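Visitor: I am attaching a structure below and will ask some questions about it afterwards.
The values are calculated or read from the model by the stated rules, or taken from the named source; none is laboratory data. Note that the structure is a prediction, hence the values are computed from the model and not measured. Cβ sites come from the backbone with ideal geometry, for glycine too, and all protein chains shown count toward neighbours. Heavy atoms of the whole protein, side chains included, go into the accessibility calculation; ligands, DNA and RNA do not. Shrake-Rupley method; radii C 1.70, N 1.55, O 1.52, S 1.80 Å.
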Amino acid sequence: MDHEYILELRNITKTFPGVRALDNVNFTLKKGEIHALLGENGAGKSTFIKVITGVHHADSGAMYLDGNEVHFRTPVDAQKAGIAAIYQHVTCYPDLSVAENMFIGHELLKSRIKRLDWKRMYAEADQWLSKMHANFNSKAEMGTLSVAQQQLVEIAKALSMNARIIIMDEPTAALTRHESEELYEITEKLRDTGHSVIFISHRMEDMERLANRVTVFRDAKYINCWDVKDVTRSDLIKAMVGREITQMFPKKKVPVGDAVLEVSHLSRTGYFKDVSFCVHKGEILALTGLVGAGRTEVCEAIYGVTQFDEGSVKLNGREVHFCHPSEAIAAGFALLPEDRQKEGLVLQWELSKNITLPSLDIIKKHGFLDVKKENSIAGRLCSELTVKTPSIFESAASLSGGNQQKVVVAKLLTKPVHIVVLDEPTKGVDVGAKTAIYEIMGNLAAKGYAIILISSEMPEVLGISDRIIVMKDGRVTGELITADTNQNEILDAAMVKETVKR
């Protein structure tokens, strides 16, 4: 008997100590459907996926597969039932081959001698990669692949395990526009061959481009489910955040002061060449361009993570050359890294320790850590930046992505700062958290901070910055006044050889 839904969850509730992660939520998935799941960070999406895949067990409620109630005790049970999940941060063994990664846990054996059948595994892996139109083979080392290619391997692995339901958790967050388009095409092929896809994303364009239906969670509760053609973007944003966001980019008008940072003819062999720009007090300067343009590399060289070969850097009129980030921090330079989890936080540590890590020299007392002062600073900054957490003693790993990003910003503000560099600060966070981060940036500019925003998001660049520096292949190809330009001009500058000034 055919059932309308291949997967159905009814009244699912899951509670952790002190936190209700899911509160009586519902969800349905049809065969051959791409169903988008939206919600702010902390809405319960990740916990919901872990219930489906057998990582967590619901406290109450029921799950049905093909109309039959199922109880997955382990992730292996979910895999055997044809459910696979692909996460934003691909978990793999980087030193092993693609084929080895694909068949871990379900290796193919020679029937008689019960030894690994390498020839068959490599051949089958190549067949699946061919169906995905991959430009690499099964013997490639996993660690040499891009994020997009690693996700391709995960999809091929899911198909090799006969997955009928594929869950994609923020798959486009770390992809370029071209890579995202390739993923869209693969996802549509999965749908057209009868697979069902749950697509979790913060990007409205993902949902609009792919999904048949969309479900919204908010504060661990199910809000509603719509056909994509019957709902507007503003309706979805209101459903996600619980209010209308009248101003996505709360940019304040701030008088621009003297130059704080002056970069002149900066070069690093193999990374960037002859880069010059300046940023002023109270100004938000955007560095943009296609992925690989050299934006992050320039700022890391200024900050002392790497070293530049030629050129000069002046901070408040004084020439500086930082050999180590600690020197930059002492001089009032702050950098928010692109990968907050690997480079911005110690995930196992509590928030108070993470926030005060750069400022241990000012919270020590007679050679010992002044815990009272540490907690006071952390508590104040968490309050000012509206970090959603039960207490400052929670681990950073327990927070949603948007709140983790706020904690990294808080780290930057524990010491006197002149200039703040924010590298892709809203990557992988929801629309509500984005607006909060933009407001923080506006407040910092109003206090006289000079801000450099590294971003690939054109609406973000145009909505929050005062000036725009465009880079391509390690060179500056455009310098534009935000109020006098548009997205097409920025993209033109990102793809031309001549420098564009406006």
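Visitor: Starting from residues that are open to solvent by 40 Å² or more (accessible area, probe 1.4 Å) and among the hydrophobic types (A, V, I, L, M, F, W, C), keep the ones in segment 288-312 and report whichever is modelled with the lowest pLDDT.
Guide: Checked segment 288-312; the qualifying residue modelled with the lowest pLDDT is Val291.
Visitor: Among what's in segment 345-387 and is touching a residue at least 40 places away in the same chain (Cβ under 8 Å) and surrounded by fewer than 15 Cβ atoms within 10 Å (Cβ to Cβ), pick the residue that is nearest to Pro325 (Cα to Cα).
Guide: Leu357
Visitor: Next question, about the same structure. Just give me the residues in segment 383-413 being outside any loop (DSSP other than H, G, I, E, B), farther than 14 Å from Lys353 by Cα and more than 18 Å from the chain's Cα centre (by Cα), in sequence order.
Guide: Within segment 383-413, Ser383, Glu384 meet the criteria.
Visitor: Please go through (1) surrounded by 14 or more Cβ atoms within 10 Å (Cβ to Cβ); (2) part of a loop (DSSP other than H, G, I, E, B) for Lys157 and return the number of the only condition it doesn't satisfy.
Guide: Just one mismatch for Lys157, condition (2).
Visitor: Report yes if some residue within segment 389-397 is touching a residue at least 12 places away in the same chain (Cβ under 8 Å), open to solvent by 60 Å² or more (accessible area, probe 1.4 Å) and β-branched (Val, Ile, Thr); otherwise report no.
Guide: Scanning segment 389-397 turns up no residue that is touching a residue at least 12 places away in the same chain (Cβ under 8 Å), open to solvent by 60 Å² or more (accessible area, probe 1.4 Å) and β-branched (Val, Ile, Thr).
Visitor: Further, regarding this structure: Looking only at helices (runs of 4 or more DSSP H) that lie completely in segment 32-150, which have at least 2 residues being open to solvent by 60 Å² or more (accessible area, probe 1.4 Å) and within 28 Å of Thr15 (Cβ to Cβ)?
Guide: 45-52, 75-80
Quick grid of which residues meet (1) under 25 Å from Ser456 (Cα atoms); (2) in contact with a strand residue (DSSP E or B) (Cβ under 7 Å, 6 or more places away or on another chain); (3) in a strand (DSSP E or B):
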site: Ser180; (1), (2), (3): yes, no, no
site: Ile186; (1), (2), (3): yes, no, no
site: Lys189; (1), (2), (3): no, no, no
site: Arg209; (1), (2), (3): yes, no, no
site: Cys225; (1), (2), (3): no, yes, yes
site: Asp274; (1), (2), (3): yes, yes, yes
site: Phe277; (1), (2), (3): yes, yes, yes
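Visitor: Let me ask something else. Sort out which residues of segment 12-22 are in contact (Cβ under 8 Å) with a residue 60 or more places away in the chain and open to solvent by less than 40 Å² (accessible area, probe 1.4 Å), and write them in order of number.
Guide: Ala21, Leu22
Residue-by-condition table, conditions (1) among the β-branched types (Val, Ile, Thr); (2) farther than 30 Å from Ala140 by Cβ; (3) out of contact with any helix residue (DSSP H, G or I) (no Cβ under 6 Å at 6 or more places or on another chain):
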site: Asn11; (1), (2), (3): no, yes, yes
site: His35; (1), (2), (3): no, yes, yes
site: Asp59; (1), (2), (3): no, yes, yes
site: Met63; (1), (2), (3): no, yes, yes
site: Val76; (1), (2), (3): yes, no, yes
site: Ala84; (1), (2), (3): no, no, no
site: Val98; (1), (2), (3): yes, no, no
